[in-house]
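The values are calculated or read from the model by the stated rules, or taken from the named source; none is laboratory data. Keep in mind it's a predicted model, so treat the numbers as computed, not measured. Cβ placement follows ideal geometry from the backbone for every residue including glycine, while neighbour counts extend to all protein chains displayed. For accessibility, only protein heavy atoms count, side chains too; no ligands or nucleic acids. Shrake-Rupley method; radii C 1.70, N 1.55, O 1.52, S 1.80 Å.
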Amino acid sequence: MSELSGSPSPSSSASPADDAAHAELVAALTARWPEHRVARGLGRIQALCELLGDPQHSYPVIAITGTNGKGSTGAMIESLLRASGLRTGRFSSPHLMDVTERIEIDGAPISREDFARTWDDIEPYVRMVDERAIDGVSMTFFEIVTGMAFAAFADAPVDVAIMEVGMGGTWDATNVADAAVAVITPIDLDHTHLLGDTVAEIAAEKAGIIKPGANAVLAGQDPEAATVLLQRCADVGALVHREGLEFGVLDRRVAVGGQMLRLNAAEGPVDEVFLPLFGAHQAANAAQALAAAEAFLGMKAINPDLVREGFAQVRVPGRLEIVRRSPPVLLDAAHNPHGATAAAAAIEESFAFSPLVGVIAAMRDKDAEGMLRIWEPLLNQVVITRVASTERGTPAEELGELAEGIFGAGRVEVVPRLDDAIERAVTIAENDAAESPGVLITGSVVAVGEARTLLVGAGEDRRPVEEDEQPDRAELADFAEVRAVDGVDGPDAFGARSFDGYDDTVDGPDDEGYDEGYEDEDDEDELDDEDDDGEKDLSYGPEYGEQFDEDELTEDDRRLLDEIGARDYTDSDGTARDDHGPDHGPDRGRDAGPDHGRGGSV
């Protein structure tokens, strides 16, 4: 197979036939067990990876879990390591516009051609796993895309894979990889019907990504969660890096197009770091990302200029992303109260829209009332709509009634079609009396994805405005006041995570607790298991499903293996290939040679 590479957007020369073929493939994959129902167990993904030759063991892995902040933190880690000279793979979910966004190589989504090629490569093995119906379930959409990511990263090949957990940790499909660095962002109550009713129970599930001897990079947490995480680290001998102790934000200034940071790093502070993202929560994510990148590099400090370069190149679509300037239209994928709280604080701090008009759609299983109450003080008016691509969205009329009870009928309009809702919000914002109008589209990852397709275009670059296209101060003044707040001293001044929950309940040397921060990025379309009728689906099977065993293969299995060739990610002596070692230098992986690709033929 040829070396895989990332591509920032679908090919501009793609024919209608190519588009149709891609749509057909995506439809076939998404027709499987859907992401909003969770088939709990690792048996299927383990079986697939074994048949593929365990590609997840052919490169080191950084795993990321948590309730809030996974996507942004993962994007920052990837950008820092790429700036340091490593070839990166990154797996994330959900996607906004196209499924290829979930698998990135060198900071860009995999091309549609390589996505299809990877599927063609693993499809015979998926059929073998399907035929076994492990735990009574065929392979799920999420499991297959995870397997495709593992295979694509091995084919590239990459020097490091940053794997974002879909939900939980212990039994998530990504956890068949043994991460050298486990990153745990803030944990809160979410998906309690699957993960547990308390923060401690949820933390125990997420702590499963911390493997023996790994580095554990822990964000500020509720003391109950911190106790569980630190106990897990003590149990498996993981080296702990704690926000507020080993890493953190030392200073922060709001700046044009983002913020300037001073971060605590492995060998001392790194100052004048420009982060093109808004909000105190993103500053905290940046500090954790830097700690994770340095932990991966063996606690070696990254050159400060490379730190600045890496953060300056970070792009996180759908997180207070400006996709239009006249008037400015912002997209934010916050879909629960924690995410809305963080986004609202960031808007208040960084902009002065007058008026600010919201376009809000929500999924049926989310706390829409909680989100609306958070947005009410900030939004002058709200246009309520619904998502078009799934029946799981809250009907616009129903959400509108809820909004009227919070905003008052005079501040709410209901426009069922999203495109019409956006147009109406722009019209309201541009009234003659408007000083510096703005429009915010939020409430649902799905809604933000649909809006981004409308406003950016499915065939356009899927990244936000590039650095050389960032508006200068004069341009920004045309649509909103950007407040340059100097002299913000210490984390308490800007609402970063605090650390007053220390206790002595953990056995081991690292027994400090944490308090939480927030910035929600959990996969709303993947991380609940309710059917469209609202009933919970409990057909998960055992926590760990059975694996393929050589003695259990049928004659048909053996014949298929002979026909398509078994994958081989081992060295000639039979050991799993891992030639990265602890010294991940900037030259690794550039000329890795054929030994990093797949053995076997297709």
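Results, tabulated for the structure shown:
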item	result
Hey, Gln381 in contact with a Gly (Cβ under 9 Å, 6 or more places away or on another chain), under 18 Å from Val412 (Cα atoms) and either crowded, with 24+ Cβ neighbours inside 10 Å or not basic (Lys, Arg) (or both) or not	yes
Among (1) at pLDDT 95 or above; (2) outside the structural domain of Ile62 (by the TED database); (3) among the charged types (D, E, K, R) - the single one Asp271 does not satisfy	(2)
Selection from segment 148-168 of residues that are in contact with a Phe, Trp or Tyr (Cβ under 7 Å, 6 or more places away or on another chain) and in a loop (DSSP other than H, G, I, E, B)	Pro157, Val158, Asp159, Gly166
Test for Ala352: is it farther than 24 Å from Thr453 by Cα and either in contact (Cβ under 8 Å) with a residue 60 or more places away in the chain or open to solvent by 50 Å² or more (accessible area, probe 1.4 Å) (or both)	yes
Meets criteria (at pLDDT below 95, in contact with a Leu (Cβ under 8 Å, 6 or more places away or on another chain) and surrounded by fewer than 20 Cβ atoms within 10 Å (Cβ to Cβ)) for Ala458	no
Flag for Glu123 being part of a helix (DSSP H, G or I), assigned by the TED database to the domain that holds Ile302 and in contact with a His (Cβ under 7 Å, 6 or more places away or on another chain)	no
Selection status of Ala225, free of Cβ contacts under 8 Å to residues at least 24 places away in the same chain and among the hydrophobic types (A, V, I, L, M, F, W, C)	no
The lone exception for Leu81 - which of (1) more than 20 Å from the chain's Cα centre (by Cα); (2) in a helix (DSSP H, G or I) it fails	(1)
Any hit, segment 203-221, residues being farther than 19 Å from Gly74 by Cβ, open to solvent by less than 10 Å² (accessible area, probe 1.4 Å), touching a residue at least 60 places away in the same chain (Cβ under 8 Å) and in contact with a strand residue (DSSP E or B) (Cβ under 9 Å, 6 or more places away or on another chain)	no
Filter result (among the charged types (D, E, K, R) and closer than 16 Å to Thr88 by Cα) within segment 268-308	Glu294
Residue selected from segment 388-429 under the condition open to solvent by 50 Å² or more (accessible area, probe 1.4 Å) and under 18 Å from Leu331 (Cα atoms), by the criterion modelled with the lowest pLDDT	Ser389
Residue identified as assigned by the TED database to the domain that holds Pro186, within 23 Å of Val160 (Cα to Cα) and crowded, with 24+ Cβ neighbours inside 10 Å among Ala295, Ala301, Ala283	Ala295
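Conditions tested, residue by residue: (1) assigned by the TED database to the domain that holds Ser92; (2) among the β-branched types (Val, Ile, Thr); (3) at pLDDT below 85; (4) farther than 20 Å from Thr170 by Cα.
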| site | (1), (2), (3), (4) |
| --- | --- |
| Ser11 | no, no, yes, yes |
| Thr30 | yes, yes, no, yes |
| His36 | yes, no, yes, no |
| Leu42 | yes, no, no, no |
| Ile45 | yes, yes, no, no |
| Glu50 | yes, no, no, no |
| His57 | yes, no, no, no |
| Pro60 | yes, no, no, no |
